[in-house]
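The values are calculated or read from the model by the stated rules, or taken from the named source; none is laboratory data. Remember, predicted model here, so these are calculated numbers, not experimental data. When we count neighbours, we look across all protein chains shown, and the Cβ atoms used for this are built from the backbone with ideal geometry, even at glycine. Ligands, DNA and RNA are stripped out before the accessible areas are found, and what is left, the full protein with its side chains, is counted by its heavy atoms. Shrake-Rupley method; radii C 1.70, N 1.55, O 1.52, S 1.80 Å.
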Amino acid sequence: MNILIIGSGAREHAIATTLHRSMQNPRIFCFGTYLNPGIKQMTHGYCTGDINDVDAVTAKAKEWQIGLAIIGPEAPLEKGMADALWKAAIPTIGPRKKLAQIETSKSFARDLLHKYNIPGLPNYRSFSTIEGVEAFLKELGEGNYVVKANGLMGGKGVKVAGDHLHSFAEALQFCEQVLDEKQTFVIEEKLIGQEFSLMCFCDGEVAVPMPVVQDHKRAYVDDKGPNTGGMGSYSDVNHRLPFLTEDDVNQAKEINEKVFRALMTEVNDKFIGILYGSFIVTKKGIYVIEFNARFGDPEAMNVLSILDSDFVTLCQAMVTGSLTPEQVRFTSQATVCKYAVPEGYPDDSLSNVPIDIAAVKNKSRLYLSAVNLVDGKILAMGSRTAAYVGVAESISAAEEISEREVRGIGGPLYHREDIGTERLIQRRMDEMRRLRGE
């Protein structure tokens, strides 16, 4: 089978690696932004270009006689990539444009939860003008709000009171800025607690959950510094997290299931692909931060590294509506993923600088991200550069592997040494206990 991966980051490298492990020996093809050498070595065909150019990608897919496509990032979903590929009779992992609104429109997602009475919805309001904004901010209270641009803004569309916005005046200024970008926005109450991700494989009939993962958005050790696309993540042996109860995870699974059903009812179409709920556990229970319509990055690396099922078989089941929970199996191991990123990331990254991966001993769990192969050299392109996933019988053992190997990536890069450490996880558990009043 000829399988096309759209995208060329670490998430897509993990997808390619997992397909490559399949007993079905698929022929892998990639349409990416850059030439990622990690993906390239597994492919029969590789093309670089604009991954949001629906016509160009579809034409290439036809030329390569693709039998199945997997869309990595969110932007092609917003452009209707899945719609075009299905129209060209190419089964696709990744929802059609209307379904992808669960990620691409914050207000659509919030309104869906409200309309279908799905739990986990914070107090929110949508705005298309500045009118009424100040009154709602004051209603929520100083330091108790979040402003979210409605559409995709490359991770720069969310600002949190106390972290990024330090007064109502700054909040109003950011709202004006979003409106200047021809976007609408949502303001909602700020939630205090621990965030986690729960992704599901979906075939339009069932949504089958994957292990729970916790990402780390802040750039620096101890959750300091600006927000990023994600500096790394971890998962536990029992597929839960140390600060979550079984009831917490079951609530999140139930919300994912209800959103999956409501979304398909709302747009009258089948959701085929990955539904990713981003949750926060607070003293009042589980709330929804947002939903995504594709694998998380870095979370994809955690779950795909321990996927025991044949990934090609799962993909075929998703596009034919024949997925069953019994088909989805993960090994009982812990994972810790750490990203090496360019100095200055995320605000003022070095770009076009060479990196060296020769010192990484076990390259099978090294996932290259925003890199480009030029004249035999691997260049970091200014965004997250490479991720390493340690897999072991405990989080701390997986962390040691990840830390040792990520240090082997040479170049003007840095990473968060604390992700997956016992000290940081203990702090998360202590914070959660305090919040719950235990």
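I'd like the full set of residues that are part of a loop (DSSP other than H, G, I, E, B) and surrounded by fewer than 16 Cβ atoms within 10 Å (Cβ to Cβ), limited to the range 418-438.
Step one: of the range 418-438, the residues part of a loop (DSSP other than H, G, I, E, B) are 418-421, 437-438.
Scanning the range 418-438 gives G437, E438.
For every residue, the table says whether it meets (1) under 21 Å from the mean Cα position of the chain (by Cα); (2) open to solvent by 40 Å² or more (accessible area, probe 1.4 Å); (3) charged (D, E, K, R).
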position	(1), (2), (3)
N352	no, yes, no
I357	no, no, no
L373	no, yes, no
R384	yes, no, yes
A387	yes, no, no
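If the condition is being free of Cβ contacts under 8 Å to residues at least 12 places away in the same chain and not charged (D, E, K, R), then the range 219-258 contributes G225, T245, N250.
Of the residues L85, L165, L140, L152, which is under 30 Å from A219 (Cβ atoms) and touching a Ser or Thr at 6+ places or on another chain (Cβ under 7 Å)? Break it down into steps so the answer makes sense when it comes.
Details: L85 fails: under 30 Å from A219 (Cβ atoms); L165 fails: touching a Ser or Thr at 6+ places or on another chain (Cβ under 7 Å); L140 fails: touching a Ser or Thr at 6+ places or on another chain (Cβ under 7 Å).
It is L152.
Of all residue pairs spaced 6 or more apart or on separate chains, those with beta-carbon atoms under 7 Å, a first member in the range 59-84 that is touching a residue at least 12 places away in the same chain (Cβ under 8 Å) and farther than 20 Å from M318 by Cβ and a second member that is among the basic types (K, R) and open to solvent by 20 Å² or more (accessible area, probe 1.4 Å) are E78/K97. Every condition in (1) among the small types (G, A, S); (2) open to solvent by 40 Å² or more (accessible area, probe 1.4 Å); (3) closer than 30 Å to T58 by Cα holds for S126 except the one numbered (3). Is it true that some residue in the range 176-197 is open to solvent by less than 10 Å² (accessible area, probe 1.4 Å), free of Cβ contacts under 8 Å to residues at least 60 places away in the same chain and aliphatic (A, V, I, L, M)? Within the range 176-197, one or more residues are open to solvent by less than 10 Å² (accessible area, probe 1.4 Å), free of Cβ contacts under 8 Å to residues at least 60 places away in the same chain and aliphatic (A, V, I, L, M).
Of the set (1) surrounded by fewer than 17 Cβ atoms within 10 Å (Cβ to Cβ); (2) in contact with a strand residue (DSSP E or B) (Cβ under 7 Å, 6 or more places away or on another chain); (3) hydrophobic (A, V, I, L, M, F, W, C), all apply to C202 but (1).
Taking each residue of the range 207-218 that is in contact (Cβ under 8 Å) with a residue 40 or more places away in the chain and under 14 Å from L323 (Cα atoms) and looking for partners that are part of a loop (DSSP other than H, G, I, E, B) and not polar (S, T, N, Q) with beta-carbon atoms closer than 7 Å, six or more apart or interchain, yields V208/L323; V208/V328. Across the range 33-88, the number of residues qualifying as out of contact with any Lys or Arg (no Cβ under 6 Å at 6 or more places or on another chain), open to solvent by less than 30 Å² (accessible area, probe 1.4 Å) and in a helix (DSSP H, G or I) comes to 11. Is the range 80-103 home to any residue that is under 27 Å from N352 (Cα atoms) and either at pLDDT 95 or above or not aliphatic (A, V, I, L, M) (or both)? Looking through the range 80-103, none of the residues is under 27 Å from N352 (Cα atoms) and either at pLDDT 95 or above or not aliphatic (A, V, I, L, M) (or both). Highlighted here are the strands (runs of 3 or more DSSP E) found entirely within the range 215-332 that include at least 1 residues which are surrounded by fewer than 20 Cβ atoms within 10 Å (Cβ to Cβ): 218-220, 224-227, 272-282, 285-292. Go through the residues of the range 147-167 one by one and say whether even a single one is polar (S, T, N, Q), outside any helix (DSSP H, G or I) and closer than 25 Å to D248 by Cβ. No, the range 147-167 contains no residue that is polar (S, T, N, Q), outside any helix (DSSP H, G or I) and closer than 25 Å to D248 by Cβ.
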